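One structure is given here, and the rest of the page talks about it.
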Amino acid sequence: MAQLTVKDLALGYEGHVIRQNVNFSIDQGDYLCIVGENGSGKSTLMKTILGLQKPLGGSIAFGDGLRNNEVGYLPQQTQVQRDFPATVWEIVLSGCQARVGGRPFYGKAEKALARQNMERMRVTQFANRCYRELSGGQQQRVLLARALCATQKLLLLDEPVAGLDPKVTAEMYSLIEQLNREGVTIIMISHDIGAAVHYANKILHVGATMFFGPTEEYRHSAIGSRFLAEEGDERHD
Amino acid sequence: MSAMIETIQMYLQFPFVRYALIVGVLIALCSSLLGVTLVLKRFSFIGDGLSHVAFAAMAVAGVLHLADDMLFTMPVTILCAILLLRAGQNSRIKGDAAIALISVSTMAIGYLLLNLFSTSANLSGDVCSTLFGSTSILTLSQTEVWLCIGLSIVVVAIFILFYNKIFAVTFDENFARSSGTRVEAYNLLIAVVIAVIIVLAMNLVGSLLISALIIFPAMSAMRVFKSFKSVTICSAVLSVVCALTGILVSIVQSTPVGSTIVAIDLVAFLLFCLFDAVRSAVRK
């Protein structure tokens, strides 16, 4: 059974539908990139999958032993976080919140998990540093470590490389690829269509025309080849 | 100096001075705890808004000749706190505008009611003392002191028990919600606790200066400390120290209690800013 099945989903807010008939499903170990123009509803789709927003129709079903709170999320950074006084350790540990349930404090198991994920994302040396003093790439790695504390199964990434320089972007992509190889399912919103078709094994194109399927099929589809050409041109300008 | 200590010792023999110190310290402690969260969530002015609500509620209670206005003020303020934090999530009226609306309108209604129905001869004096804090902290009864101690213990206990949850909800509401934390419930909890603190604090500094008690210690601590835990502890300690100093100074120099505490909070804030500036200059 698929890990996540989205069927006839209608997206929008306050009863106003912005996108209909979103259909796709992913299995464990998939690397799905969601692409499409600005304002096409990519972020709304992600928020709906996360349960931050109610679907206006259709269904989202979790399967394969995945519960809907076992989803790790790497959001776009908010203003609040940029001047938040917190150490890297405090932030990564807060990813374990769902595991603690009703207990007020973190136990040994949660602390060990946080340490392990900090090691994995190579941020252990920043443990006692203040989050707001780190570089953009380091901050993203901290937030990835936090997301990994919430889940080992499915990560949702909302433009993880936005605002990063090319070298750090490449590092970020290889970290995500490494996680995917370790068995973590990845769903990523990306503006970087080149990287999307390079790393992902499935593509969901959200827009007036929808596409969902394997990356190779997308490259050769009418919508895919047009979008790749357009975005490619923009980059060369 | 020794003369001052003697004066203070002399004053401490009066029970009303001891009551004032106990209540002042407890309120300063409670209001500083949630200050960090409120400042970071961009709800700095919720203290101001809610204290005006409490002011209006007290005016209504006065008009209705209720014997114990706390029983009326408290629920009304809690209700408004819940409404305000709800509005913060609503996209039509943003949090700051909602606070401004409630703050201004309740203030106006409160003053109107006092004007129309007041039985007191000294109306502007009454209004002034509700807004700027009066000598009421020096006229506390034993029951009020116990009530304040009880509520403070509850507030501190809630804060410690839910510390990690409050951190998660403050740092990243969306992440917390997506990983299954009941964000609405904790926002509600924060709203109720803050309303309780504000109704308590009105006795001390009056409604206009409550924001200062909430914001200043948090802002000062954030200048110097780097982790959420150290910021929280520092702002609690700082707030207690400033309140204690403020009350003692106001007794010795016979200045208004609320304004004295806030002035000392301001001085502390400037000192912390200076420290921060010097430190970053040294690093460069």
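The values are calculated or read from the model by the stated rules, or taken from the named source; none is laboratory data. Please read these numbers as outputs of a predicted model, since none were measured by experiment. Ideal geometry is used to build each Cβ from the backbone, glycine not excepted, and the neighbour counts take in all protein chains shown.
What number goes with the only condition from (1) among the polar types (S, T, N, Q); (2) without any contact (Cβ under 8 Å) to a residue 60 or more places away in the chain; (3) under 20 Å from residue A:34 (Cβ atoms) that residue A:124 does not pass?
Residue A:124 satisfies all of (1) among the polar types (S, T, N, Q); (2) without any contact (Cβ under 8 Å) to a residue 60 or more places away in the chain; (3) under 20 Å from residue A:34 (Cβ atoms) except (3).
List pairs: first in the range A:34-53 and under 14 Å from residue A:155 (Cα atoms) and touching a residue at least 40 places away in the same chain (Cβ under 8 Å), second in a loop (DSSP other than H, G, I, E, B) and β-branched (Val, Ile, Thr), Cβ under 7 Å, 6+ apart or cross-chain?
A:34/A:206
Scan A:73, A:106 and give me the residue that is under 24 Å from residue A:180 (Cβ atoms) and at pLDDT 85 or above.
Values: A:106 fails: under 24 Å from residue A:180 (Cβ atoms).
Every option except A:73 fails the conditions.
Being within 13 Å of chain B (Cβ to nearest Cβ), buried (at least 17 other Cβ atoms within 10 Å of the Cβ) and of a type in the set (Phe, Trp, Tyr) is the requirement here; does residue A:126 meet it?
In short, yes.
Output the residues belonging to the range A:72-93 that are of a type in the set (Ser, Thr, Tyr), out of contact with any Phe, Trp or Tyr (no Cβ under 6 Å at 6 or more places or on another chain) and surrounded by 14 or more Cβ atoms within 10 Å (Cβ to Cβ).
Passing the criteria: only A:87.
For the range A:111-122, check the following and say yes or no: at least one residue is among the polar types (S, T, N, Q), in a helix (DSSP H, G or I), facing another protein chain (nearest Cβ under 8 Å) and under 22 Å from the mean Cα position of the chain (by Cα).
no
Just one of A:59, A:25 is closer than 29 Å to residue A:228 by Cα and among the hydroxyl-bearing types (Ser, Thr, Tyr); which is it?
A:25
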